[in-house]
Each structure stands twice: as C-alpha cells, then as structure tokens.
Amino acid sequence: MVLKLSNISIYLGYSVSAVTFVFGIITVSGLAFQYIPIEMRMMFGIVLILWGVYRFVLTKTRVCRQHEEEEE
C-alpha cells in the first residue's frame, strides 16, 4: 500500500478534529483550566467542540469528493 500525500492530510484532518473535540469536552467538564471563570471556560470549550465537528465534516466532505473524482 502506497501512502499518498492526500491520505496523510486526511489522517491529519481526522486527528486534529478528534483532539480538538476531546480537548473541548475536557474543558467544558472542568478538568482543564479550573482557574478560569466558568463562563469563559464554557464558551472556549464549546468553541473547541464546534471547531472539532467542523473539521470532521470538512475532512469527510473532502474524502467524499476524492472518491467521486476517482470513480469518474
């Protein structure tokens, strides 16, 4: 199996998505940044969660497009 550059970017996209999402969950749950006021911590955690979801959807869309182009 040959590892293409596009495959590396796909794996990187999914990895960044997962790490960002998990770090957002950790931030919202209060396991990280306990010294920051709760309103600010919640807002930051929610932004991280949404960013993780956005990166996942963006990467998934790119994968679907690549598969469509390969079929044509």
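Read the figures in this text as sums done on the coordinates, not as results from a lab. Keep in mind that what you see is a predicted model, and the values were worked out from it rather than measured. Quick reminder, even Gly has a Cβ in these numbers, built from the backbone with ideal geometry, and neighbours come from all protein chains shown.
Taken about its Cα centre, the chain carries a charge dipole of about 320 debye when Lys and Arg each add +1 at the Cβ and Asp and Glu each add -1 at the Cβ. FRET efficiency for the pair V57 and S6, taken as 1/(1 + (r/R0)^6) with r the Cβ-Cβ distance and R0 = 22 Å, rounds to 0.80.
Positive end of the dipole of the chain (Cβ unit charges, origin at the Cα centre): among T61, G30, G45, the Cα lying farthest that way belongs to G30.
When the P(r) of the chain is calculated, the portion above 22 Å amounts to 38% of the C-alpha pairs.
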